[in-house]
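Undergrad: Take this structure first; my questions come after.
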Amino acid sequence: MRPLLYVASFLAVLGLAFWAYRENYATQHQLKQMAAVQDEIAKLRDEISLQRAEWAYLNRPERLRDLATLNFDRLGLLPMEPEQLGTSAQVSYPAPPMLKITGTIETEGLLYPMTGAQPNDTATTGTTGKEEQTP
Amino acid sequence: MIRTPLRPLARILDARAKGENPDVIERENIAARHEVMRDKDRGRAERRLLMLGFGFFMAFSVIGARMGTLAASEPVEPRTASGGTEITAQRADILDRQGRILATNMLTYSLYAQPHDMVDPVHAATELAAIFPELDAKALERRFTDGRSFLWVRKVLSPEQMQKVHEIGDPGLYFGPREMRLYPNGNLASHVLGGAAFGAEGVDSAEVIGTAGIEKDLDARLRDPAQSGTPLTLSIDLTLQANIEEVLATGMRMMNAKGAAAILMDIHTGEILSLASLPNFDPNDRPASAISGDPSDSPLFNRAVQGVYELGSTFKIFAVAQAMDLGLVNPETLVDANAPMKWGKFTIREFENHNYGPLLSVSDIIAKSSNVGAAHIGLMIGGERQQAFLKSMGLLDPPTAELIEAPGAKALVPDRWSEIVTITASYGHGIASSPLNLAAGYATIANGGIKVTPTLLHSAHHEPGVRLITADTAKACVAMLRRVVTEGTATLANVPGYAVAGKTGTAEKPKKGGGYDHQKVINTFASIFPANDPKYVLVVILDEPVETSGPAPRRTAGWTSVPVAAEIIRRIGPLMGLRPQVETTSLDGLTAVSEPKVSE
């Protein structure tokens, strides 16, 4: 029984040593990979900051103004004017369709404008007829 | 172990036979035994001491070796730590209120030489001089060959220049990485940003330190590694700043002025949306400060903050506001305005020796800009109260913006607040203050009387200031200032849609030897818009302008600063999303309108 135990424990030690050896190299490999990734992140960050700087440089108001002037023929850009701001009431919506008038229309009003000279010249007129209106 | 007997029988018997004392033998043996024991103990102690010494030696050598390796090796970031928290040695970016970049960093390289490693110093010197025109080949050659082991050649290189230096192929030329401060917008907001330069320089890196403006004032914040990831957001709006600088530059050219400044401020928060001073400079290539001559002639001079000017009639509204707040007058009160006014040996005159008197309402004093009327109001208030009020408005202190130049712009105030100072201060003469203070004062009037602290930092929350004048007084003041534009000295500021209220100010510049120079003036227009619901304050200042379209040159603010300010408001109003509004006038407000005239 005892020799078997010795052999078994020896084999276990061997196995564990092999496992530890592999783990060690796997960890080192992972660390290297991580370092590479972090280097890449740092490089990309630098590049992003450079791109942002370039974006800001290309979008500087002075250059945009010059570009707007150069391309005036195509774009027709001008500084914003106060008149360009409006209210929603100023937007011309399409006119609503007119109602069809088919029946009798009764109107009521004054025949003459109300002045001091003709205070009593008021009359009520009634029109009867059929009007067909096409929109 | 066999013990040696202390009294060996043979010797005892032998001693007894000889008649000696056998105890001597015992003592002898005891002594011998002790000797042996002592030797053993000493040996053991020596061994132990040796062991202990060895232990200490090993421990100290381990510590020493570790210290040695730490000192000799390159520092390495702990790579196993998880990412996320970004620690960079960069200076924080500066953004405008909409997040657009005003200042950022760029990676570049510096060039240095180690002449001992050089193969052909003469060739390298000529080649370098060909790449960089500012280098002198002869001088460079001398420095390469005079035995020094290290020298800087250039602080920053462009990628193209770096490639050319590579192509020289000399192993003695080295590149060191550098973080360079970059201002992508060039001259825009140059006086706010200031500039940056290299501080302590090493081969692998260099410190970037602010040299002026907000870069220097908030240097500690910008360099703080814990906050380098969070950019600094200014209250400046890049679009507004660009438009204001453009209009201001055009106005300065048209009015033949030697300098100009404009401040646009939010009246409720004190946030400065735009701060422009012309002429300006490129912070990427900051010019050296002038050593001789007038500092205000240098483009580095920030007229909007550092310029301490007598701001003229723009101060009248402060006298009127205080008098109304104290209950001394109301807008309709008639005040003595009989010009010229004699006070001791001084004579106070109106513009072009007019006489608006003998009596003028307070509202008309502002509209017509009567010096004599304002002087009488000042006398009603009295010197002590006037000084205290101007002090509480911050007009007698240096401005408070986050610029390194601000604390240096001390207001010029006479030592003794005599009665003549009271008189002149009520129409803005005899005391000089920074235009930024004026903007803050007008903001206080515009927002209903709450003190405003100008700031360049954008923030969601601002500490509310203390109340300086009542809301009713402030409202009446804005109405009076509106009259200046509709029928007073600033009719050219009548921008349709944006009801502008404001006050002009023309002050002659003091001459070097004393007295005033009639040909050199500072023209100020301090305005509030929209008047019916004030939101912003705009102060425009022109330095030595002259308007020459008329038969005689005109130097009053009504002809110079006012049209420039009007154009600025017309341009920036829509950009700020301000909808032009039709002004409604109450019926009783309709009075006989005087001829539109522009005068002081």
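The values are calculated or read from the model by the stated rules, or taken from the named source; none is laboratory data. In this text the structure is predicted, and so the values were computed from the model without any measurement. Note that each Cβ is placed from the backbone with ideal geometry, even for glycine, and that neighbours are counted across all protein chains shown.
Undergrad: Anything in the stretch A:28-50 that is over 29 Å from B:Ala242 (Cβ atoms), more than 8 Å from chain B (Cβ to nearest Cβ) and of a type in the set (A, V, I, L, M, F, W, C)? List them, or say none.
TA: Within the stretch A:28-50, A:Ala36, A:Val37, A:Ala42, A:Leu44 qualify.
Undergrad: Determine, yes or no, whether A:Ala53 is within 19 Å of B:Gln90 (Cα to Cα) and within 9 Å of chain B (Cβ to nearest Cβ).
TA: The answer is yes for A:Ala53.
Undergrad: Tell me, which residue of the stretch B:555-582 that is part of a loop (DSSP other than H, G, I, E, B), within 14 Å of B:Pro496 (Cβ to Cβ) and touching a helix residue (DSSP H, G or I) at 6+ places or on another chain (Cβ under 9 Å) is farthest from the other protein chains (Cβ to nearest Cβ)?
TA: B:Leu578
Undergrad: Taking only the stretch B:465-500 into account, find how many residues are over 25 Å from B:Lys391 (Cβ atoms) and not acidic (Asp, Glu).
TA: Number satisfying all stated conditions: 19.
Undergrad: Continuing with the same structure: Out of B:Thr333, B:Thr314, B:Thr347, which single residue is of a type outside the set (A, V, I, L, M, F, W, C) and surrounded by fewer than 17 Cβ atoms within 10 Å (Cβ to Cβ)?
TA: On inspection, the qualifying residue turns out to be B:Thr347.
Undergrad: A follow-up question, please. Determine whether the stretch B:539-554 contains at least one residue that is in a strand (DSSP E or B), surrounded by fewer than 17 Cβ atoms within 10 Å (Cβ to Cβ), over 30 Å from the mean Cα position of the chain (by Cα) and more than 14 Å from chain A (Cβ to nearest Cβ).
TA: No: the stretch B:539-554 contains no residue that is in a strand (DSSP E or B), surrounded by fewer than 17 Cβ atoms within 10 Å (Cβ to Cβ), over 30 Å from the mean Cα position of the chain (by Cα) and more than 14 Å from chain A (Cβ to nearest Cβ).
Undergrad: If I filter the stretch A:76-94 for residues that are surrounded by 10 or more Cβ atoms within 10 Å (Cβ to Cβ) and among the β-branched types (Val, Ile, Thr), do I get at least one hit?
TA: No, every residue in the stretch A:76-94 fails to be surrounded by 10 or more Cβ atoms within 10 Å (Cβ to Cβ) and among the β-branched types (Val, Ile, Thr).
Undergrad: Which is touching a Gly at 6+ places or on another chain (Cβ under 9 Å), within 26 Å of B:Met180 (Cα to Cα) and either loosely packed, with under 11 Cβ neighbours inside 10 Å or not small (Gly, Ala, Ser) (or both), of A:Gln38, A:Gln51?
TA: A:Gln38
Undergrad: So, one more: Of the residues B:Gly441, B:Gly428, which single one is buried (at least 20 other Cβ atoms within 10 Å of the Cβ) and either among the β-branched types (Val, Ile, Thr) or touching a Phe, Trp or Tyr at 6+ places or on another chain (Cβ under 6 Å) (or both)?
TA: B:Gly428
Yes or no, residue by residue, for (1) farther than 30 Å from B:Ser190 by Cα; (2) in contact (Cβ under 8 Å) with a residue 60 or more places away in the chain; (3) among the small types (Gly, Ala, Ser):
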position	(1), (2), (3)
B:Val413	no, no, no
B:Ser426	yes, yes, yes
B:Pro454	no, yes, no
B:Ala460	no, no, yes
B:Cys477	yes, yes, no
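Undergrad: Taking the criterion of being within 14 Å of the chain's Cα centre (by Cα), within 14 Å of another protein chain (Cβ to nearest Cβ) and within 21 Å of B:Leu300 (Cβ to Cβ), would at least one residue in the stretch B:214-229 satisfy it?
TA: no
Undergrad: Here is a follow-up. Among the residues of the stretch B:398-405, is any of a type outside the set (S, T, N, Q), over 24 Å from B:Arg467 (Cβ atoms) and in contact with a Lys or Arg (Cβ under 7 Å, 6 or more places away or on another chain)?
TA: The answer is yes, given that some residue of the stretch B:398-405 is of a type outside the set (S, T, N, Q), over 24 Å from B:Arg467 (Cβ atoms) and in contact with a Lys or Arg (Cβ under 7 Å, 6 or more places away or on another chain).
Rundown of residues vs (1) at pLDDT 90 or above; (2) more than 29 Å from B:Ala92 (Cβ to Cβ), yes/no style:
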{"position": "B:Gln227", "(1), (2)": "no, no"}
{"position": "B:Leu273", "(1), (2)": "yes, no"}
{"position": "B:Leu311", "(1), (2)": "no, yes"}
{"position": "B:Asn330", "(1), (2)": "no, yes"}
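Undergrad: Report whether or not A:Thr69 is at pLDDT 90 or above, more than 8 Å from chain B (Cβ to nearest Cβ) and closer than 30 Å to B:Tyr498 by Cβ.
TA: It is true that A:Thr69 is at pLDDT 90 or above, more than 8 Å from chain B (Cβ to nearest Cβ) and closer than 30 Å to B:Tyr498 by Cβ.
Undergrad: Please return the ranges of strands (runs of 3 or more DSSP E) entirely within the stretch B:308-363 where 1 or more residues are in contact with a Gly (Cβ under 7 Å, 6 or more places away or on another chain), in contact (Cβ under 8 Å) with a residue 40 or more places away in the chain and farther than 21 Å from B:Ser418 by Cβ.
TA: Here the list reads B:334-336.
Undergrad: Is one or more of the residues making up the stretch B:463-471 in contact (Cβ under 8 Å) with a residue 40 or more places away in the chain, within 23 Å of B:Ser369 (Cβ to Cβ), surrounded by fewer than 21 Cβ atoms within 10 Å (Cβ to Cβ) and not hydroxyl-bearing (Ser, Thr, Tyr)?
TA: No; the residues of the stretch B:463-471 include none that is in contact (Cβ under 8 Å) with a residue 40 or more places away in the chain, within 23 Å of B:Ser369 (Cβ to Cβ), surrounded by fewer than 21 Cβ atoms within 10 Å (Cβ to Cβ) and not hydroxyl-bearing (Ser, Thr, Tyr).
Undergrad: Within the stretch B:263-286, is even one residue more than 14 Å from chain A (Cβ to nearest Cβ) and hydroxyl-bearing (Ser, Thr, Tyr)?
TA: Looking through the stretch B:263-286, at least one residue is more than 14 Å from chain A (Cβ to nearest Cβ) and hydroxyl-bearing (Ser, Thr, Tyr).
Undergrad: Are any of the residues in the stretch B:183-190 more than 14 Å from every other protein chain (Cβ to nearest Cβ), touching a residue at least 60 places away in the same chain (Cβ under 8 Å) and within 30 Å of B:Ala260 (Cα to Cα)?
TA: Scanning the stretch B:183-190 turns up no residue that is more than 14 Å from every other protein chain (Cβ to nearest Cβ), touching a residue at least 60 places away in the same chain (Cβ under 8 Å) and within 30 Å of B:Ala260 (Cα to Cα).
Undergrad: Please go through the stretch B:9-31 and pick out each residue that is in contact with a Lys or Arg (Cβ under 7 Å, 6 or more places away or on another chain) and of a type in the set (A, V, I, L, M).
TA: Correct list: B:Ile25 only.
Undergrad: Another question, if that's okay. Among the residues of the stretch B:232-249, count how many are away from every other protein chain (no Cβ under 11 Å) and hydroxyl-bearing (Ser, Thr, Tyr).
TA: Counting residues in the stretch B:232-249 that are away from every other protein chain (no Cβ under 11 Å) and hydroxyl-bearing (Ser, Thr, Tyr) gives 2.
Undergrad: Within the group B:Ala460, B:Ala531, B:Ala476, B:Ala501, which residue is at pLDDT 85 or above and within 16 Å of B:Lys368 (Cα to Cα)?
TA: B:Ala501
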